[in-house]
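The values are calculated or read from the model by the stated rules, or taken from the named source; none is laboratory data. All values reported here derive from a predicted model rather than from experimental measurement. All Cβ positions, glycine included, derive from the backbone under ideal geometry; neighbour counts span all protein chains shown. Each accessible area value is taken on the protein alone, full model and side chains, heavy atoms only, with ligands, DNA and RNA left out. Shrake-Rupley method; radii C 1.70, N 1.55, O 1.52, S 1.80 Å.
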Amino acid sequence: MKSIVQNVLEKYNSDATRLMDILIDVQEDQGYLPPPVLAEIAETLDISEVDVLQTVSFYHFFSTEPRGKYSVYLNDSVVAEMMGRAKIAEAFEREAGCKFGEVTEDELIGLFDTPCIGMNDQEPAAIINGVIFTELTAFRVKEIVNGMRAGLSVEELRAQSLGDGMNASESLHSTVDNNIHKTGAVIFSDYDPGEALAAISKESLSPEQVIERVKASGVRGRGGAGFPTALKWEFCRKAKGEKHYVFCNADEGEPGTFKDRVILTERPNLVLDGMTVAGYAIGATEGILYLRYEYRYLRDYLEKILADMRAAGQLGKNAGDIKGFDFDIRLQFGAGAYVCGEESALIESAEGKRGEPRDRPPFPVEKGFLGMPTIVNNVETLCQAAKVVVKGADWYRTLGTSQSTGTKVLSVSGDCKFPGVYEIEWGFSVNDILNMVGAETGEVQAVQVGGPSGSCIASNEFSRILSYEDLATGGSLIIIGERHDLLKVVVYNFIDFFAKESCGSCSTCRALTMMYRKTLEKILAGHGKRSDVQAMLDWVPIALASRCGLGHTAPNPIVSTIKNFRHLYEGRIVNADETFESSFDLETSVAEANRTVGRKL
Amino acid sequence: MDKKIVATTSLAGCFGCHMSVLDIDERILDLIELVEFNKSPIDDIKTFTKHCDIGIVEGGCATSENVHVLKEFRKNCSTLIALGECAIMGGLPALRNNIPITECLEEAYLNGLTTKDNNPDRILPNDEEIPMMLDRVYPIRELVKVDFFLPGCPPTADLIWNALTALILGKEMDLPYEVIRYD
Ligand SMILES: Cc1cc2nc3c(=O)[nH]c(=O)nc-3n(C[C@H](O)[C@H](O)[C@H](O)COP(=O)(O)O)c2cc1C
Ligand code: SF4
Ligand code: SF4
């Protein structure tokens, strides 16, 4: 009988560019990746062992050591903290009898922290063996751990009613909730599977005409950067290469963002048709939907939809009845790394490597996946484009503002009555949104717009308009009430996130994220100086010398709060003496050596 | 023009940075025209006898004595320069920073190849005359405000010369690429 490892390798034709899939499958079977298995994988793939190991070591869900029969990954994002994560973590430690970062002695339970898992509207939440557990309470934790001791399966442990919408469907069967509080005209409106392709074939649209229509609509990227979608497609179509590729970016790693998860749950056909339309426009034959590992629970559901699409002729040869257009889509999972949402890192990861961003140029539209012209678009962008193809650019331009056409799906979380997903037209103010989601404006201290990489604004900016021309956002709004210590709870959590997620390629990003974190720690400990606050502003141009957006935006949590909440920093400066650091204490620093050699101070 | 008064010291460093100061070669004669040395190994003055304009510090802080000297420098010098990698980041001595100080002491005096058979009484030095060891090696900016950082291991003589003369004459520092590159 062949070993499981050999079976997995065979499944992926011993193709080294499928290393991520191979490692994920093996780990799901064995619980971890034992070094001898890595050696076997390296040998069969004919690559060196360190090549395998460097990929393994990059992603935090991979482990070369056992992580317990039940591996608990408890979200430690800021909203989880705001919703009482500390109590849940305590309960897990108490019940399981081990600390976070450890595995119980009997190797039954492993407890681990993980950054935002895309469930901010139903925190505290955890992933246990790939299954999502939401709205945890200390009582539930006790039940869950008892269940683990009794040997229950993860599905049995869950024992919770299924979520709303398609979450309750047979192939998804998840307790996750959509919490769609507002539907709009583009995404959460009626859509028949295959409709976008039918429009192309009915109107006999050429790829150029599709691009023209998308261009006329003014659709811009919804992944954060707001790049004009048609332009990206046009560049890619014109780039020379044997093959062209479409990537849908469902990495959704920005803490506070979860709308792509809901779109994939409720409008999967719109997303996949969007990929197909894009594939037609750029002349691709293959599309890859890259999902973060946290969304692994969507796999069977999406695979089934892909199978249905193939059966309906929407994928495969002459896809969507468009003559000569052959196109198929596969899923690709990551394994836990925020930076993989950056498009070139995403491509590296899909090639089986460490998710380290590439130097650009060349941009992916010229040299992307396997060196071929590639577009990477956000889940929501592809949906918007597909709808434009169906309903036309004129219709689309009636939505939103003149510069920001269409709708935007927001992920709203934090201190408000109705956290969840809202599809609004561009052009609403932050105040409008606060009213919409049931946040008491008088009790809102700050709103974090666009996640940690965005900005933290105070009430004087709540009249700003969500749009590319004013307050652009990938759609995450975290509402922070008056009761929270903004620097200690929110800003520290964000800068710690960047320090942990920096891929380390650039010394500027690697060192500065640490320096920002350390300096904030110093200020929080009451040892800060005015010059420390100034220094953190002065470092920004250096951060901008980094290779990718992570390094560029990592200072934002601190810089935007220094700008908008300066008094919070100044209130903590008690050390007026600029020449000596009060954080250094001689007595403490010689204590251990003196103890060891037996000497008194 | 009055001569500027300069003090220098080597804390947890190897004196390489001081050697690099001497590497300015014949320009040392010009330097002597511009400055007067106070506390420094160069003239062997052990304690500050007056307030200095410029203090140059090589090496980080590894012991209580380093801390004492550094604080004296900060008090007695208007401008403080961190000279070289060790002063700026801790440098080679800071390689011990990831190892607990107890383990370092045990390796050095009890278990090391040259000591393990030669220290039958298993003595760890604890005489009051000896400075106390810090838990780790600290870059000097973690203790005091530093006005200028001159990088390198050691910084080149040209870098030191350019920086010092600019400071003394109140000019912009001229730091072309050749002077601050390390490849
Ligand atoms: C660190 C980092 C993380 C990112 N994460 C995501 C993500 O999770 N999802 C996403 O769509 N775009 C993300 N992006 C932006 C992508 O690089 C890219 O711009 C986007 O997918 C393009 O799609 P769009 O034009 O449709 O917006 C990230 C960028 C950076 C620098
Ligand atoms: S900026 Fe940071 S995350 Fe981006 S490539 Fe450089 S080190 Fe990696
Ligand atoms: S920086 Fe280099 S030359 Fe200067 S003291 Fe340190 S090790 Fe010696």
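Structure summary
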{"item": "Which listed residue, of A:Ile562, A:Ile523, A:Ile479, A:Ile558, is touching a Cys at 6+ places or on another chain (Cβ under 7 Å), more than 16 Å from ligand 1 (Cβ to nearest atom) and either closer than 18 Å to A:Tyr338 by Cα or not assigned by TED's automatic domain parsing to the domain that holds A:Gly253 (or both)", "result": "A:Ile479"}
{"item": "Only listed residue being open to solvent by less than 60 Å² (accessible area, probe 1.4 Å), touching an Asp or Glu at 6+ places or on another chain (Cβ under 7 Å) and of a type outside the set (D, E, K, R), chosen from A:Ala89, A:Ala16, A:Ala80, A:Ala96", "result": "A:Ala80"}
{"item": "Hey, B:Leu95 touching a strand residue (DSSP E or B) at 6+ places or on another chain (Cβ under 9 Å), open to solvent by 30 Å² or more (accessible area, probe 1.4 Å) and away from every other protein chain (no Cβ under 14 Å) or not", "result": "yes"}
{"item": "Some residue of the range A:578-591 being open to solvent by less than 10 Å² (accessible area, probe 1.4 Å) and outside the structural domain of A:Glu501 (by TED's automatic domain parsing)", "result": "yes"}
{"item": "Search result, residues across the range A:536-568 that are in contact (Cβ under 8 Å) with a residue 60 or more places away in the chain and either open to solvent by 30 Å² or more (accessible area, probe 1.4 Å) or within 16 Å of ligand 3 (Cβ to nearest atom) (or both)", "result": "A:Arg547, A:Gly549, A:Thr553, A:Asn556, A:Asn564, A:Leu568"}
{"item": "Among residues of the range B:131-168, those that are more than 14 Å from chain A (Cβ to nearest Cβ), crowded, with 18+ Cβ neighbours inside 10 Å and farther than 15 Å from B:Gly90 by Cα, counted", "result": "11"}
{"item": "Test: residue in the range B:171-180 that is open to solvent by less than 40 Å² (accessible area, probe 1.4 Å) and at pLDDT 90 or above", "result": "no"}
{"item": "Among (1) outside any loop (DSSP other than H, G, I, E, B); (2) open to solvent by less than 10 Å² (accessible area, probe 1.4 Å), the one test that A:Ala284 misses", "result": "(1)"}
{"item": "Matching residues in the range B:100-122 - criterion: being facing another protein chain (nearest Cβ under 10 Å) and surrounded by 14 or more Cβ atoms within 10 Å (Cβ to Cβ)", "result": "B:Pro100, B:Ile101, B:Thr102, B:Cys104, B:Leu105, B:Glu106, B:Tyr109"}
{"item": "Residues within the range B:9-23 that are of a type in the set (A, V, I, L, M, F, W, C) and more than 7 Å from ligand 3 (Cβ to nearest atom), tallied", "result": "5"}
{"item": "Filter result for B:Ser40 (modelled with pLDDT of 95 or more, under 22 Å from B:Tyr138 (Cα atoms) and either surrounded by fewer than 18 Cβ atoms within 10 Å (Cβ to Cβ) or more than 16 Å from ligand 1 (Cβ to nearest atom) (or both))", "result": "yes"}
{"item": "Selection status of A:Asp394, more than 16 Å from ligand 2 (Cβ to nearest atom) and in contact with a Ser or Thr (Cβ under 7 Å, 6 or more places away or on another chain)", "result": "no"}
{"item": "Residue in the range A:451-465 that is over 25 Å from A:Leu524 (Cα atoms) and within 16 Å of ligand 1 (Cβ to nearest atom) present", "result": "no"}
{"item": "Those residues of the range A:502-535 which are touching a Ser or Thr at 6+ places or on another chain (Cβ under 9 Å) and surrounded by 22 or more Cβ atoms within 10 Å (Cβ to Cβ), in sequence order", "result": "A:Ser502, A:Cys509, A:Leu512, A:Thr513, A:Gly528, A:Lys529"}
{"item": "Strands (runs of 3 or more DSSP E) (entirely within the range A:363-425) containing at least 3 residues that are away from ligand 1 (no atom under 15 Å from the Cβ)", "result": "A:407-414, A:420-425"}
{"item": "Among the candidates A:Glu351, A:Glu343, residue that is open to solvent by 10 Å² or more (accessible area, probe 1.4 Å) and within 13 Å of the chain's Cα centre (by Cα)", "result": "A:Glu343"}
{"item": "Among the candidates B:Val57, B:Val67, residue that is away from ligand 3 (no atom under 12 Å from the Cβ), open to solvent by less than 70 Å² (accessible area, probe 1.4 Å), at pLDDT 95 or above and within 12 Å of the chain's Cα centre (by Cα)", "result": "B:Val67"}
{"item": "Identity of the residue in the range A:579-597, within 14 Å of B:Ala62 (Cα to Cα) and not in a helix (DSSP H, G or I), that ends up farthest from the other protein chains (Cβ to nearest Cβ)", "result": "A:Asp585"}
{"item": "Boolean, B:Leu95 is more than 16 Å from ligand 2 (Cβ to nearest atom), in a strand (DSSP E or B) and closer than 30 Å to A:Glu592 by Cβ", "result": "no"}
{"item": "Qualifying positions in the range A:464-497 - β-branched (Val, Ile, Thr), farther than 23 Å from A:Val421 by Cβ and open to solvent by 40 Å² or more (accessible area, probe 1.4 Å)", "result": "A:Val489"}
{"item": "Which numbered condition A:Leu520 misses (of (1) away from chain B (no Cβ under 14 Å); (2) closer than 26 Å to B:Leu134 by Cβ; (3) in contact (Cβ under 8 Å) with a residue 40 or more places away in the chain)", "result": "(3)"}
{"item": "Residue list for the range A:308-340, restricted to those being open to solvent by less than 10 Å² (accessible area, probe 1.4 Å), part of a loop (DSSP other than H, G, I, E, B) and touching a residue at least 60 places away in the same chain (Cβ under 8 Å)", "result": "A:Gly334, A:Ala335, A:Gly336"}
{"item": "The range B:70-88, subset within 10 Å of chain A (Cβ to nearest Cβ) and open to solvent by 30 Å² or more (accessible area, probe 1.4 Å), residue farthest from B:Pro151 (Cα to Cα)", "result": "B:Lys75"}
